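Written below as structure tokens is the structure these notes are about.
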Amino acid sequence: MPQIDDKLAPIYEEVLRRNAGEAEFHQAVREVLESLGRVVAKRPEYLESSLIERLCEPERQIIFRVPWTDDQNKVHINRGFRVQFSSAMGPYKGGLRFHPSVNVGIIKFLGFEQTFKNALTGLPIGGGKGGSDFDPKGRSEAEVMRFCQSFMSELYRHIGEYTDVPAGDMGVGAREIGYMFGQYKRLTNRYEAGVLTGKGLFYGGSLARKEATGYGNTYFTRAMLQTDGNDFDGKTVVVSGSGNVAIYTIEKVQEFGGKVIACSDSSGYIVDENGLDLELVQQIKEVRRGRISEYARLKGEGSGAYYVKSADGSIWDVPCQVAMPSATQNELTGKDAKTLIKNGVLAVGEGANMPCTPEAIRAFQQAGVKFGPGKAANAGGVATSALEMQQNASRDRWTFEKTETKLADIMRDIHDSCYATAEEYGAPGDYVAGANIAGFIRVAEPMLAFGVI
Ligand code: NDP
Ligand code: 2IT
């Protein structure tokens, strides 16, 4: 089991003490600290000025009340968050998550991960994350609009093109970004396109941003496969989730010749032995905002498609050669990893943030399975958000092809720099160490230059 170096252990103890009960935040910090022993052995200057301690403490944490009225005139109170983690590389940048499980520990883990992920893109963006414990499921359009307006009525004070640039995450897509952009514009009387990314295409959004996270993970995972002369062609693939990241992962894997046979939502998973009908998945999830179980029902008996409820099994029981967890944190356990390994999995690319538990990651690495950690593999979404900011700043609009080509190049660079950094620091083939070290150094250098702030 990877250990935290003795020099760094007190930092972790202090993180546990100061952030009691925030299990996901502890997990994310621990994983990075486990990689940094190799760095401070070579570069002791990073231990000076408490640089790593400072990185573990968000620059600013904002928590606010979000009151809104439902269609029956009942008042609801949700909690809003924005954790501005690090501005060493540029304005805070990261998504907003609307999900009932959201709490400050989850937003902090996401903001911490985002800081290193954004650094890995090589683009000038700092790290932040936000959201609310609001549950959009089953809410009407009008309710979602009122919630978004109320949320932005507080958030607008804290964000801006040069300060903090939110985007989407779970439960936040182009619809929610549209309502929030509208409210920001109204409150500030500024058409500040670069304040949010993931915008609609008619008011400053970038082509290929919607597709970017899933496409990016597919490019990254393909690059891992190619180090052994493999590719997606003819491979059986399982993608968990059926939201934004999952859908565009499925699309790109299919384009590369892979056969995606299963996807899921929080209620259960579907298997289609003939390969998923992506249009049908999109019709159910993107258009109707329905449940994935409908897929099996619409395909009918004898079609090779069936549905399994979450209580009755795990999507990772479905044999595959490539696994791309794209739903949520800790969705793939040590037990799931063992099943996948037994079934011959070759590569795992994390589309979601921290979807594999530490036990699962260890099992994959010990078995020689190529493992792409989320902060590298899913960085294509935020990288394309930065490309959206570039287009907004220059009042330009690029074609889909130009944007996707840049995304593909960025994913190749991220893969190669994780691979090379792992080698340089004595952990060949360990993309976790490579991503943590390469991301950390990019954030640490400007911090050294800025002094103690
Ligand atoms: P969406 O809200 O579009 O989709 C989330 C999907 O995950 C839904 O299908 C949801 O099902 C499913 N899900 C949620 N909880 C569980 C669970 N416990 N078990 C199985 N399925 C579950 O979110 P995104 O696709 O945007 O985000 C997915 C992941 O990718 C998150 O970890 C996010 O942080 C990460 N990510 C997103 C980026 C982006 O650009 N959007 C960029 C980088 C990472 P249900 O409908 O039942 O809730
Ligand atoms: O986790 C992530 O990288 C995102 N949700 C995307 C963030 C962004 O600013 O595009």
*Given labels modelled 7 Å from the Cα in the Cβ direction, how far is it in nm from residue 282 to residue 137?*
2.5 nm
_Once you order the gyration tensor axes a ≥ b ≥ c over the Cα atoms, which shape class does segment 243-392 get: rounded for a/c under 1.5, otherwise prolate or oblate by comparing a/b with b/c?_
oblate
*How high is the FRET efficiency from residue 228 to residue 3, r the C-beta distance, R0 30 Å, rounded to 0.05?*
0.55
*Overall form of segment 250-317 per C-alpha gyration tensor (a/c, 1.5; a/b vs b/c)*: rounded
*asked:* Just to confirm my numbers, what's the Cα centroid distance between segment 187-241 and segment 335-368 in Å?
replied: 22 Å
*Looking at segment 134-227, which chymotrypsin sites (Phe, Trp or Tyr not before Pro) are DSSP coil and have at most 12 other C-beta atoms within 10 Å of their C-beta?*
162, 191
*Order the peptides 438-445, 323-330 from the highest to the lowest mean number of other Cβ atoms within 10 Å of their residues.*
323-330, 438-445
*So how do 61-71, 75-85, 370-380 stack up, highest first, on mean other-Cβ count within 10 Å?*
370-380, 75-85, 61-71
*asked:* With +1 assigned to the C-beta of every Lys and Arg and -1 to the C-beta of every Asp and Glu, and no other charges, what is the dipole magnitude of segment 292-383 about the Cα centre in debye, to the nearest 20?
replied: 200 debye
*Rounded, prolate or oblate: which fits segment 345-453 when a ≥ b ≥ c are the square roots of the eigenvalues of the alpha-carbon gyration tensor, with rounded for a/c under 1.5 and prolate only if a/b beats b/c?*
oblate
*For residue 453, net neighbour charge (Lys/Arg +1, Asp/Glu -1) across residues whose Cβ lies under 15 Å away*: -3
*asked:* I'd like the per residue volume of the convex hull spanned by the Cα atoms of the chain, given in cubic angstrom.
replied: 139 Å³
*What whole number of Å gives the distance from the Cα centroid of segment 260-293 to the Cα centroid of segment 117-186?*
26 Å
_Extended-chain gain in nm, criterion 0.36 nm per residue less alpha-carbon gap, residue 188 and residue 394_ = 72.1 nm
_Relative packing of 109-115, 333-339, which averages over residues the other C-beta atoms within 10 Å, highest first_ = 109-115, 333-339
*Can you give the accessible area per residue of the chain, in Å², using a 1.4 Å probe?*
40 Å²
*Assigning unit charges at the beta carbon (Lys, Arg +1; Asp, Glu -1) and nothing else, what dipole magnitude in debye, to the nearest 20, does the chain show about its Cα centre?*
1040 debye
*Please give the contour-minus-distance gain from residue 74 to residue 416: 0.36 nm per residue of separation, less the Cα-Cα distance, rounded to one decimal in nm.*
117.8 nm
*Roughly how many nanometres apart are two label points built 7 Å out from the Cα toward the Cβ at residue 65 and residue 14?*
3.5 nm
_Value at 222 nm in deg cm²/dmol, rounded to 500, when DSSP H runs of n ≥ 4 in the chain each add -39,500 (n - 2.57)_ = -14500 deg cm²/dmol
*So which DSSP H runs in the chain come out at 27 Å plus along the axis (Cα) with average Kyte-Doolittle of at least -1.0?*
23-42, 400-424, 431-450
*If one computes the Cα centroid of segment 90-110 and of segment 27-63, what distance in Å separates the two points?*
19 Å
_FRET efficiency estimate (nearest 0.05) - Cβ-Cβ, residue 175 to residue 402, R0 41 angstrom_ = 0.95
_Globularity index of segment 1-128, i.e. its alpha-carbon radius of gyration over 2.2 N^0.38 Å_ = 1.22
_List residues of segment 1-31, by number, whose backbone nitrogen lies under 15 Å from a label position 7 Å along Cα→C-beta of residue 330._
20-31
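The values are calculated or read from the model by the stated rules, or taken from the named source; none is laboratory data. Just so it is clear, the model here is predicted, and its values are computed rather than measured. With ideal geometry, Cβ positions are generated from the backbone for all residues, glycine too; neighbour counts draw on all protein chains shown. Remember, those area values only see protein heavy atoms, side chains included, never the ligands or the DNA or RNA. Shrake-Rupley method; radii C 1.70, N 1.55, O 1.52, S 1.80 Å.
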